[in-house]
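Read the structure below first, then the notes.
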């Protein structure tokens, strides 16, 4: 179940973070985060390039989880 729940939790967490910090964070892909803050009467603008991906380890864990679930559900 964990490999299936992980991307759902990640998606929910990224959406909560995005709404809290007013930035857009990708689950998979590339994006540029633009953020503006005021400090000491000055306005500071930043642009940060971000890239997100699910690694090979995730896909291996997902495959192992699916195979384990199929093996467990098979009648003896």
Counting only residues that are at pLDDT below 85 and more than 23 Å from residue 7 (Cβ to Cβ), the stretch 20-49 contains a total of 2
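For the stretch 29-51, indicate whether the set of residues that are in contact with a helix residue (DSSP H, G or I) (Cβ under 6 Å, 6 or more places away or on another chain) and surrounded by 10 or more Cβ atoms within 10 Å (Cβ to Cβ) is non-empty.
Taking the stretch 29-51 as the starting set, the residues that turn out to be in contact with a helix residue (DSSP H, G or I) (Cβ under 6 Å, 6 or more places away or on another chain) are none.
Within the stretch 29-51 (the criterion being in contact with a helix residue (DSSP H, G or I) (Cβ under 6 Å, 6 or more places away or on another chain) and surrounded by 10 or more Cβ atoms within 10 Å (Cβ to Cβ)), the answer is no, since none of the residues qualifies.
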Check whether at least one residue in the stretch 4-22 is free of Cβ contacts under 8 Å to residues at least 60 places away in the same chain and in contact with a strand residue (DSSP E or B) (Cβ under 6 Å, 6 or more places away or on another chain), and report yes or no.
no
Residues that are within 25 Å of residue 65 (Cα to Cα) and assigned to a helix (DSSP H, G or I), drawn from the stretch 7-53
7, 8, 9, 10, 11, 12, 13, 14
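The values are calculated or read from the model by the stated rules, or taken from the named source; none is laboratory data. On a predicted model such as this, the values are computed, not experimentally measured, just so you know. No Cβ is skipped: glycine too gets one built from the backbone with ideal geometry, and neighbour counts run over all protein chains shown.
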